[in-house]
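*Asks:* Here's a structure for you.
Where a number appears in this text, it was derived from the coordinates with a stated rule and is not lab data. The model shown is predicted, which means the values in this text are computed figures rather than measured ones. We place every Cβ from the backbone using ideal geometry, glycine too, and count neighbours over all the protein chains shown.
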Amino acid sequence: MVKILDIYSGVAMNPLSMKNIEKLVGEHVFLFDKSDVLGTFSVKSVTQLERHGMDDLGRSIEHFTIDFQGDGSTHFPDGHYHFKHPKLGEIELYLIHKKEHDYEVMIDSQNTW
């Protein structure tokens, strides 16, 4: 998990939190593979999934999907890709091709701070 220290509060922040990703809806992200094949995706939606919230031990669990619309210039099969956005930085995520130019990433994380 990627963590960034907020220099103003001293608290670790997760750029992949649902709250942060929701701010990217409607924006474009770039992705590329190991061969530097580049694509541009639009963030269509962020959907909270069933396990999102607190677990039995009181730990915060984030479980959601990010839906993307590809630009159609290149097809990206299921696999790991680097995503890049000024607000997100650069991070490797597993991408699932749903249909045509629709793609999805599933986030399942536990906050440890």
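*Asks:* If amide H atoms are built 1.01 Å from N in the plane of the peptide, which residues on other chains or at least 5 residues away come under 5 Å of the amide H of residue 102?
*Replies:* 70
*Asks:* Also: What ³J(HN,Hα) values, in whole Hz, does the Karplus curve 6.51 cos²θ - 1.76 cosθ + 1.60 give for the range 78-91 when θ = phi - 60°, with x put for Gly and Pro?
*Replies:* For the range 78-91, the Karplus curve yields 3, x, 7, 9, 8, 9, 9, 7, x, 7, 9, x, 10, 8 Hz.
*Asks:* Something else about it: Could you give me the ³J(HN,Hα) list for the range 54-68, computed from phi with Karplus coefficients 6.51, -1.76, 1.60 and θ = phi - 60°, whole Hz, x at Gly and Pro?
*Replies:* Running phi through 6.51 cos²θ - 1.76 cosθ + 1.60 with θ = phi - 60° gives 9, 8, 5, 9, x, 8, 7, 10, 10, 9, 7, 10, 10, 9, 10 Hz.
*Asks:* A follow-up question, please. Loop only per DSSP, at most 14 neighbouring Cβ atoms within 10 Å: give me the GluC sites (Glu not before Pro) in the range 79-113, ordered by residue number.
*Replies:* Taking the range 79-113 and a limit of 14 other Cβ atoms within 10 Å, the loop GluC sites (Glu not before Pro) found are 100.
*Asks:* For residue 86, what charge total do you get from the other residues with a beta carbon under 15 Å from its beta carbon, if Lys and Arg give +1 and Asp and Glu give -1?
*Replies:* Here the count lands on +1.
*Asks:* Can you compute 3J(HN,Hα) from phi for each residue in the range 24-34, using the Karplus curve 6.51 cos²θ - 1.76 cosθ + 1.60 with θ = phi - 60°, rounded to whole Hz and x for Gly and Pro?
*Replies:* Per-residue couplings from phi come out as 8, 4, x, 9, 9, 10, 9, 9, 8, 9, 5 Hz.
*Asks:* Let me ask you something else. Please give me the summed charge of the neighbours of residue 44: other residues whose Cβ is under 9 Å from its Cβ, Lys and Arg +1, Asp and Glu -1.
*Replies:* Combined, the nearby Lys, Arg, Asp and Glu give -2.
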